[in-house]
1. Roll a 1.4 angstrom probe over the protein heavy atoms and tell me the percent of accessible area of region 194-236 that is carbon or sulfur.
2. Is the shape of region 16-65 rounded, prolate or oblate, going by the alpha carbon gyration tensor and its root eigenvalues a ≥ b ≥ c, with a/c under 1.5 for rounded and a/b larger than b/c for prolate?
3. If you place +1 on the Cβ of every Lys and Arg and -1 on the Cβ of every Asp and Glu, how big does the dipole about the Cα centre of the chain come out, in debye to the nearest 20?
4. Give the aspartates and glutamates reachable from Lys229 as a straight Cα distance under 19 Å; neighbours fewer than 8 places away on the same chain don't count.
5. Let me have the 222 nm mean residue ellipticity of the chain computed from DSSP H runs of 4+ only, each contributing -39500 (n - 2.57), with the sum over all residues rounded to the nearest 500.
6. By the scheme Lys and Arg +1, Asp and Glu -1, what is the net charge of all other residues having a beta-carbon under 10 Å from that of Phe261?
7. Output the pairs from Lys10/Lys57; Lys197/Lys239; Lys143/Lys175 with a Cα-Cα distance over 21 Å in this structure; if there are none, say none.
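The values are calculated or read from the model by the stated rules, or taken from the named source; none is laboratory data. Note that the structure is a prediction, hence the values are computed from the model and not measured. Cβ placement follows ideal geometry from the backbone for every residue including glycine, while neighbour counts extend to all protein chains displayed. All accessible areas refer to the heavy atoms of the entire protein, side chains included, with ligands and DNA or RNA removed. Shrake-Rupley method; radii C 1.70, N 1.55, O 1.52, S 1.80 Å.
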Amino acid sequence: MDIVNYNNYKYFYCVVKYNGFSNASEKILISQPALSYSIKKLEEELGVKLLERSSRKISLTREGEELYKKLRKIENILNGDKNEMKEKISIGIVRVAADNAFYNVLQQFREKYPNILVEVIIEEHMALVSLFEKHKVNLVLNKYTFENNNSTANVFLNQFENCFACSKSFYENNKQMLSDISTFSSWPMVFPTKSKKRKLLDAYLTSLELTPNVVFEIPNSELLKKIVKDDNCVGYFTKLSIEDELKNGELVVVDNPLFNFPKDALYLIYDENLVDTPLEYMIDLIKENM
């Protein structure tokens, strides 16, 4: 009977879990050459290739994905109840989803799993991509899909309208200007910072041959709302993020039959190979509530 070198399995698992040899080496204090040698020996023992290596990153072969999934299950079994006491689920999420639609999900999850820590990280698209690729988050709620591979799920959840809005006083004082699209280039605008959302907006306005007068560049946030409410500006908002301000009259939508802005989609993104029971429950709650 051959002796199984369990360390080789451990090192393979860590390289995948921590998204590369460099990160794994720092986490488990083993040199990168030693990790590489161990995985090479494991591949020889199993008679299959487990990893595809490139200068930028590693990727799993089909056999590698199957083995990693099995090792993940073993880790969960070994941790058992102890794992639940110490487990943390990390969720990367865009601000509009976190501020307006996520509270019920967190409350329902806590009722069932009160001992699991839920970490919510609010970031924009590129930061969320990085966190996901480095396995720093278990799942992501994002406006755009991620590069798909055999195990990454991109699930469409919803879409949100965008609009121009300004304070009620600014609207009342500038009705004529705001109703005349030919004056668009003189409207003082608050636009998103450089992002996919901004690129889509710029492309849309270019298609209408409209040139904006941008006085502030600010992400969708409380600061954006405050500036538009207090200053003489027109902001570009996800309509869901200003529902309360529209209802109480603090903000007014600047409407025009010409405007048909690109909508923001919302996707749920996760690695299907890394879904345990609590995370599966979180995923189900998100699908039901968002």
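1. Exposed carbon and sulfur together represent 54 percent of the surface.
2. The shape class here is oblate.
3. 640
4. Those aspartates and glutamates meeting the cut-off are Asp99, Glu172, Glu217, Glu243, Asp244, Glu245, Glu250, Asp255.
5. Computed ellipticity for the chain at 222 nm equals -14000 deg cm²/dmol.
6. 0
7. Too far apart for the 21 Å limit: Lys143/Lys175.
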